[in-house]
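The values are calculated or read from the model by the stated rules, or taken from the named source; none is laboratory data. Note that the structure is a prediction, hence the values are computed from the model and not measured. Here the Cβ positions follow ideal geometry from the backbone for every residue, glycine too, while neighbour counts run over all protein chains shown.
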């Protein structure tokens, strides 16, 4: 039976987003939306408007476009490419398990947008939607922002669908198993940890002033890092946890990934970097870490650097996604259209 007839339960994968093209104009449009989100930059008023439009949007788009150009593929923005492939593989796996579901993906910023995708699901007859923000660690500026956008759409909908949400999965067994396997596979193709080895576990940074009371982001990041290291049998001296992508002058979560890379480089260490907070490769992994991070490390005297790719289309990751979805499906009364 086809989804268009019986697929009234949908799964919506949500990720951050990318510009439509690696051009200053496209990047400017993307940054304007991103930096206008009060969950990302909790500022408003004339002063912030002047900073955003008079300074940031007149200088950053050209620089950022050059960075995107370095990692853009023939298929498009890596984040979008991988997210689309994840959705297709998830649909296939859940189909093999007997589920007839609508599987879609959307971006919080840029296209395909959340409101447009939700509206399309409504037109296709979705009465139940599992929301799966692809942020393993919950943060107000990521997960909550995405849910704000969904809530705004629901408020405008005459007959809104039922919604279930995966808030985070920072210690999910399937997710951790997939991360572990990517590292072990990498070791098989390079070399096992020795006295000079360090696994740098890098997460996206957050300004401390945006981490509101009760935001568990830092704790969840550190828990993921610790659990991964334990699964890999790495003692404390063989791994570090750090936070990347600092922007502006405010105080951010630390230590800073770039500073840790310099420190490890000066010590002559051999470094692998993994970024568990990104389940699909993107600007922050492919350019900031694999290119710029490597250059920073080697310039400081480091001996050997490898970036371990994100989970992307790893089979264990797709299985983990399916498990997260099935957990949510079990919270609903049985729907004959979606049962094996």
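For segment 152-182, the set of residues classified as farther than 15 Å from residue 319 by Cα and touching a strand residue (DSSP E or B) at 6+ places or on another chain (Cβ under 9 Å) consists of 154, 161, 162, 163, 164, 165, 166, 167, 168, listed by residue number. Would you call residue 262 in contact (Cβ under 8 Å) with a residue 12 or more places away in the chain and either within 20 Å of residue 182 (Cα to Cα) or out of contact with any helix residue (DSSP H, G or I) (no Cβ under 7 Å at 6 or more places or on another chain) (or both)? No; evaluated as a whole, the condition is false for this residue.
The condition of being outside the structural domain of residue 243 (by TED's automatic domain parsing) and farther than 30 Å from residue 287 by Cα holds for only one of 95, 76, that being 95. When segment 28-41 is filtered for residues that are in contact (Cβ under 8 Å) with a residue 24 or more places away in the chain, under 21 Å from residue 208 (Cβ atoms) and surrounded by fewer than 17 Cβ atoms within 10 Å (Cβ to Cβ), only 37 remains. For segment 149-164, the criterion of a residue being without any contact (Cβ under 8 Å) to a residue 24 or more places away in the chain, closer than 26 Å to residue 264 by Cβ and surrounded by fewer than 17 Cβ atoms within 10 Å (Cβ to Cβ) is satisfied by no position.
Of everything listed in (1) assigned to a helix (DSSP H, G or I); (2) touching a helix residue (DSSP H, G or I) at 6+ places or on another chain (Cβ under 6 Å); (3) over 24 Å from residue 310 (Cβ atoms), the single unmet condition for residue 53 is (2).
Results for (1) at pLDDT below 95; (2) crowded, with 16+ Cβ neighbours inside 10 Å; (3) touching a strand residue (DSSP E or B) at 6+ places or on another chain (Cβ under 9 Å), shown as yes or no for each residue.
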| position | (1), (2), (3) |
| --- | --- |
| 13 | no, yes, yes |
| 19 | no, yes, no |
| 22 | no, yes, no |
| 26 | no, yes, no |
| 43 | yes, no, no |
| 51 | yes, no, no |
| 56 | yes, yes, no |
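Assess whether residue 229 counts as being over 30 Å from residue 59 (Cβ atoms) and either out of contact with any helix residue (DSSP H, G or I) (no Cβ under 7 Å at 6 or more places or on another chain) or touching a residue at least 40 places away in the same chain (Cβ under 8 Å) (or both). When the stated conditions are applied, residue 229 passes them. From the list 205, 174, the one residue that fits, being in contact with a helix residue (DSSP H, G or I) (Cβ under 9 Å, 6 or more places away or on another chain) and under 24 Å from residue 267 (Cβ atoms), is 205.
Checking each residue in segment 90-135 for being assigned to a helix (DSSP H, G or I), buried (at least 20 other Cβ atoms within 10 Å of the Cβ) and in contact with a helix residue (DSSP H, G or I) (Cβ under 7 Å, 6 or more places away or on another chain) picks out 90, 94, 114, 118. Determine, yes or no, whether residue 106 is at pLDDT 95 or above and assigned by TED's automatic domain parsing to the domain that holds residue 18. Spelling it out, residue 106 is indeed at pLDDT 95 or above and assigned by TED's automatic domain parsing to the domain that holds residue 18. Residues that are surrounded by 14 or more Cβ atoms within 10 Å (Cβ to Cβ), over 15 Å from residue 172 (Cβ atoms) and modelled with pLDDT of 80 or more within segment 322-337 comprise just one, 329.
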